[in-house]
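Below: the structure, in structure tokens.
The values are calculated or read from the model by the stated rules, or taken from the named source; none is laboratory data. Note that this is a predicted model, so its numbers are computed, not measured. With ideal geometry, Cβ positions are generated from the backbone for all residues, glycine too; neighbour counts draw on all protein chains shown.
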Amino acid sequence: MIEKNIGNVERLARLLLAAVFMTWAMSRPALNAVEWFVMAISVALFLNGIFSRCYLWYVLEVDSCQDDLEGCYTDPRC
């Protein structure tokens, strides 16, 4: 399992964006390929926000967790 690499501000942004995307996709009268794709993206964003881990950030070696709190790696809440 990878370490947490998403900070609290980014977590909140991902959760809000997931809610907006899911609301938009579910409000459509018929679900076509675009809506299914947006729903899949919103599920991925939601899971990233809940678990504070992003595999794309892991591959790209990006860590926004260290920007939120000083000493993030020693703080178990991050």
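Remarks
- Filtered residues of segment 14-43 (kept if closer than 24 Å to TRP57 by Cβ and among the polar types (S, T, N, Q)): SER42
- Members of segment 12-30 that are among the aliphatic types (A, V, I, L, M) and surrounded by 11 or more Cβ atoms within 10 Å (Cβ to Cβ): LEU12, ALA13, LEU15, LEU16, LEU17, ALA18, ALA19, VAL20, MET22, ALA25, MET26
- Residue pairs whose Cβ atoms lie under 8 Å apart, separated by 6 or more positions or on different chains, with the first residue in segment 48-63 and under 16 Å from LEU16 (Cβ atoms) and the second surrounded by 11 or more Cβ atoms within 10 Å (Cβ to Cβ) and among the polar types (S, T, N, Q), are SER52/ASN5; CYS54/ASN5; CYS54/ASN48.
- Residue under evaluation LEU17, criteria (1) in contact with a Ser or Thr (Cβ under 9 Å, 6 or more places away or on another chain); (2) at pLDDT below 95, criterion not met: (2)
- Taking the criterion of being surrounded by 13 or more Cβ atoms within 10 Å (Cβ to Cβ), aromatic (Phe, Trp, Tyr) and over 13 Å from ILE2 (Cα atoms), the only residue of segment 31-62 that qualifies is PHE46.
- Close pairs from segment 9-26: first under 13 Å from ILE50 (Cβ atoms), partner surrounded by 15 or more Cβ atoms within 10 Å (Cβ to Cβ) and of a type in the set (Gly, Ala, Ser), Cβ under 7 Å, at least 6 apart: GLU10/SER64; ARG11/GLY49; ARG11/SER52; ARG14/GLY49; LEU15/GLY49; ALA18/SER42; ALA18/GLY49
- Checking each residue in segment 18-50 for being part of a loop (DSSP other than H, G, I, E, B) and among the charged types (D, E, K, R) picks out only ARG28.
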